[in-house]
Amino acid sequence: MTRAFVLLPGAGSDSWYWHRVVPLLRERGHEVVPVDLPYTDPGADQYAYADVVVAAGRDVARPPTLVAQSMSAFTAAIAAERMPVDGLILVAPMIPAPGESPGQWWSAVGQAEAKRAQDVAEGRDPDAPLDPRGLFFHDVPADVVDEAFAHEQPGMSEAAFEPAWRAPRWPDVPVRVIAGRHDRLFPLPLIERLARERLGVEPEVIDSGHLPALARPAELASLLLRE
């Protein structure tokens with residue numbers, strides 16, 4: 001059965017993030033629309049990002065599955081209230097709770113504590129300066145890492161962290177969660193807990209870090225197509 005997918009990039013990224021996954025879905029006959037969200041626009045918040053997703057949904061012939069990387073789980077939840085969707089797939093996600101903003105999420109879920117505990121357990125210095133290569137790209141092929149750093153990332157404004165999600169509950173649509181077994185930003189135990197507590201689902205685990213679309217595109221594409 002042919003399906004449609006709208007792919008949302010994570011914070012500060014753009015549609016390039018999905019470039020290794022898009023052809024794998026299209027070659028199997030599916031409609032795929034990777035979107036660019038206006039992360040750099042200081043006047044655009046999560047609700048403005050959702051406007052972009054809703055517009056992208058008009059470019060496909062059937063209700064799409066929204067696939068959201070990391071922070072864009074907030075965007076996908078908002079968009080799903082405003083458009084027909086086949087479901088949501090949240091990848092390495094910031095799983096929101098109604099009434100919570102992306103800025104509040106970090107302390108609300110204990111992300112810093114979870115990351116610190118994992119760093120210590122795996123022999124990394126939890127107080128070391130931020131190393132994007134080590135945090136995000138540790139399992140991404142070297143040539144893709146080089147391409148990523150050569151690609152001009154859009155960055156993001158502070159508006160991305162606002163406002164709170166104005167909903168009393170999650171949309172009444174199927175929601176799946178895909179978590180990275182080796183995610184150093186959002187450790188697997190954290191995502192497992194949030195998926196259970198906030199969505200009542202068990203996450204599907206992919207053998208990657210925080211960026212599975214770059215590290216494990218074929219495995220991720222197969223998971224996206226799983227019924």
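Scanning region 61-99 for residues that are more than 18 Å from residue 224 (Cα to Cα) and touching an Asp or Glu at 6+ places or on another chain (Cβ under 7 Å) gives a single hit, 61. Considering region 14-36, and only residues there that are of a type in the set (Asp, Glu) and under 15 Å from the mean Cα position of the chain (by Cα), the residue that is nearest to residue 86 (Cα to Cα) turns out to be 36.
Of the helices (runs of 4 or more DSSP H) lying entirely inside region 28-125, those containing at least 1 residues that are touching a strand residue (DSSP E or B) at 6+ places or on another chain (Cβ under 8 Å) are 46-57, 72-79.
For region 70-80, indicate whether the set of residues that are modelled with pLDDT of 95 or more and surrounded by fewer than 19 Cβ atoms within 10 Å (Cβ to Cβ) is non-empty.
First pass over region 70-80, keeping only residues modelled with pLDDT of 95 or more: 70-80.
Applying the additional criterion that residues be surrounded by fewer than 19 Cβ atoms within 10 Å (Cβ to Cβ) yields none.
There is no residue in region 70-80 that is modelled with pLDDT of 95 or more and surrounded by fewer than 19 Cβ atoms within 10 Å (Cβ to Cβ).
Would you check which residues across region 100-142 are over 28 Å from residue 47 (Cβ atoms) and touching an Asp or Glu at 6+ places or on another chain (Cβ under 8 Å) and list them? Listed by number, the residues that qualify are 119, 125, 126.
Could you say whether any residue in region 178-198 is over 22 Å from residue 215 (Cβ atoms) and of a type in the set (A, V, I, L, M, F, W, C)? Show your work before the answer.
If we filter region 178-198 for residues that are over 22 Å from residue 215 (Cβ atoms), which is where we start, we get 193, 196-198.
Then keep just the ones that are of a type in the set (A, V, I, L, M, F, W, C); that gives none.
There is no residue in region 178-198 that is over 22 Å from residue 215 (Cβ atoms) and of a type in the set (A, V, I, L, M, F, W, C).
Specify the residue that is farthest from residue 20 (Cα to Cα); the eligible residues are those in region 145-166 that are of a type in the set (A, V, I, L, M) and buried (at least 16 other Cβ atoms within 10 Å of the Cβ). Spell out how you get there, then give the answer.
Step one: filter region 145-166 for residues of a type in the set (A, V, I, L, M), giving 145, 148, 150, 156, 159-160, 164.
Of the ones still in play, those that are also buried (at least 16 other Cβ atoms within 10 Å of the Cβ) are 145, 148, 156, 159-160, 164.
Values: 145: 13, 148: 12, 156: 23, 159: 29, 160: 25, 164: 32 Å.
Only one residue fits best here, namely 164.
Just need a number here: residues in region 169-198 that are assigned to a loop (DSSP other than H, G, I, E, B), in contact with a Leu (Cβ under 9 Å, 6 or more places away or on another chain), of a type outside the set (A, V, I, L, M) and farther than 13 Å from residue 70 by Cα. Number of matching residues: 5.
Would a scan of region 144-151 turn up a residue that is out of contact with any Pro (no Cβ under 8 Å at 6 or more places or on another chain), aromatic (Phe, Trp, Tyr) and modelled with pLDDT under 95?
Looking for residues that are out of contact with any Pro (no Cβ under 8 Å at 6 or more places or on another chain), aromatic (Phe, Trp, Tyr) and modelled with pLDDT under 95, one finds at least one in region 144-151, hence yes.
I want to confirm something. Restricting to region 4-13 and keeping residues that are over 23 Å from residue 149 (Cα atoms) and under 16 Å from the mean Cα position of the chain (by Cα), which single residue is surrounded by the most Cβ atoms within 10 Å (Cβ to Cβ)? Per the criteria, the residue is 6.
Among the residues examined, residue 200 does not qualify as within 16 Å of the chain's Cα centre (by Cα), at pLDDT 95 or above and small (Gly, Ala, Ser). Restricting attention to region 95-113, does a residue exist that is in contact (Cβ under 8 Å) with a residue 60 or more places away in the chain, surrounded by 20 or more Cβ atoms within 10 Å (Cβ to Cβ) and either over 27 Å from residue 168 (Cα atoms) or touching a Ser or Thr at 6+ places or on another chain (Cβ under 7 Å) (or both)? Looking for residues that are in contact (Cβ under 8 Å) with a residue 60 or more places away in the chain, surrounded by 20 or more Cβ atoms within 10 Å (Cβ to Cβ) and either over 27 Å from residue 168 (Cα atoms) or touching a Ser or Thr at 6+ places or on another chain (Cβ under 7 Å) (or both), one finds none in region 95-113, hence no. Taking every residue in region 162-179 that is under 19 Å from residue 44 (Cβ atoms) and modelled with pLDDT of 95 or more and pairing it with any residue that is surrounded by 20 or more Cβ atoms within 10 Å (Cβ to Cβ) and of a type outside the set (D, E, K, R), at least 6 positions away or on another chain, the pairs with Cβ-Cβ distances below 7 Å are 165/74; 165/77; 165/78; 165/96.
The values are calculated or read from the model by the stated rules, or taken from the named source; none is laboratory data. No experiment lies behind these values; they were computed from the predicted model shown. Reconstructed Cβ throughout: ideal geometry from the backbone, glycine too, with neighbour counts over all protein chains shown.
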